Amino acid sequence: MAVSRMFQIDGKRMKTWNVVHGCRFNCSYCSVKTLVETRLRNTPRYAIGMTPGFSEREMRKPFHPGEWVFVGYMGDIACQPEANILRVIERIRTRPQVNFYMQSKNPRVFVNLIEKYGRQVFPKNCWLGTTLETTYRVPYSKAPAPIQRFEAMAELTLKYGRRTIVSIEPVMDFSPTVFAFWLATIEPDYIFIGADNYGHRLPEPPRAKLREFIELLRHDHPNVILKPGLERLL
């Protein structure tokens, strides 16, 4: 099982479980999209590009107690049919000693499943999260606007008591007041902050603003993790 470059918890990288892959949000800065369209374009799994797919072979992957596993690193689970998402959840339920992480740029899909099937649809070892690159509208993506992602994440924590993770990557310029309010409302268990490491020329925050914001977050949130490459902005 491969490891994710995106997240480390307690000094260990998350493993990746690409039982689902592909995405329809077409983010211009997506490193996975670039990988699929270049190095992986001739592999059987990614011959369809970013068209969402499901891997029966990956469903049989073994997991080990204590591991952190990123579900669908090579895509977005919200782009899957509900039946596929439920199959993945049931597989997670059979491995209660493993920490699984589902991240989506449309976290409303998680809320919808809870509203349809009840709070028990996601087992306790399944963490839910999203990406919030900025507080402003993102013209580089077809994903729901950041404020819509915030609203869904707030429901997951305030209404349903879910354990959550927020990824601020690639960080773009933002409103510190709004961002601080969003994160104080969500109260994620982990906050990851990363930069654009692939030269997409995104509107990045000024150095002083980002430094001040990180210090503010560290004062209020116990687990703020700075990812490799962010030092360029600091």
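Exactly one condition in (1) over 23 Å from P107 (Cβ atoms); (2) surrounded by 15 or more Cβ atoms within 10 Å (Cβ to Cβ); (3) modelled with pLDDT of 95 or more is false for M153; which is it?
That leaves (1) as the condition not met.
Got a sec? Which of V171, V178, V166 is surrounded by fewer than 17 Cβ atoms within 10 Å (Cβ to Cβ) and either closer than 25 Å to C30 by Cβ or among the polar types (S, T, N, Q) (or both)?
Being surrounded by fewer than 17 Cβ atoms within 10 Å (Cβ to Cβ) and either closer than 25 Å to C30 by Cβ or among the polar types (S, T, N, Q) (or both) holds for just one of V171, V178, V166, which is V178.
Looking at the stretch 185-214, which of the residues that are more than 20 Å from Y101 (Cα to Cα) and among the hydrophobic types (A, V, I, L, M, F, W, C) is surrounded by the fewest Cβ atoms within 10 Å (Cβ to Cβ)?
Result: A208.
Yes/no matrix, rows are residues, columns are (1) within 30 Å of R201 (Cα to Cα); (2) surrounded by fewer than 21 Cβ atoms within 10 Å (Cβ to Cβ); (3) among the small types (G, A, S); (4) in contact (Cβ under 8 Å) with a residue 24 or more places away in the chain:
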position	(1), (2), (3), (4)
V19	no, no, no, yes
C23	yes, no, no, yes
I48	yes, yes, no, yes
F54	no, yes, no, yes
W68	no, yes, no, yes
V71	yes, no, no, yes
A78	yes, no, yes, yes
R87	no, yes, no, yes
F100	no, no, no, yes
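Taking the condition of a type outside the set (S, T, Y) and within 12 Å of T134 (Cα to Cα), does L210 pass?
The answer is yes for L210.
Residue by residue through the stretch 184-234, note down the ones that are of a type in the set (A, V, I, L, M) and without any contact (Cβ under 8 Å) to a residue 40 or more places away in the chain.
A184, I186, I191, I193, A195, A208, L210, I214, L217, V224, L226, L234
For residues that are on the phi > 0 side of the Ramachandran plot and at pLDDT 95 or above, tally how many sit in the stretch 171-199.
1
Check P146, P107 and return the single one that is buried (at least 23 other Cβ atoms within 10 Å of the Cβ), of a type outside the set (D, E, K, R) and over 20 Å from I9 (Cβ atoms).
P146
With L132, L128 as the choices, which residue is within 19 Å of I9 (Cβ to Cβ), surrounded by 15 or more Cβ atoms within 10 Å (Cβ to Cβ) and either touching a Phe, Trp or Tyr at 6+ places or on another chain (Cβ under 6 Å) or of a type in the set (S, T, N, Q) (or both)?
Within the list L132, L128, the selection yields L128.
Quick one: count up the residues across the stretch 218-234 that are outside any loop (DSSP other than H, G, I, E, B), more than 13 Å from P170 (Cα to Cα), among the hydrophobic types (A, V, I, L, M, F, W, C) and over 19 Å from the mean Cα position of the chain (by Cα).
Of the residues in that region, 0 qualify.
The values are calculated or read from the model by the stated rules, or taken from the named source; none is laboratory data. Everything numeric in this text was worked out from a predicted model, so none of it was measured. Neighbour counts run over all protein chains shown; Cβ positions are idealised from the backbone, glycine included.
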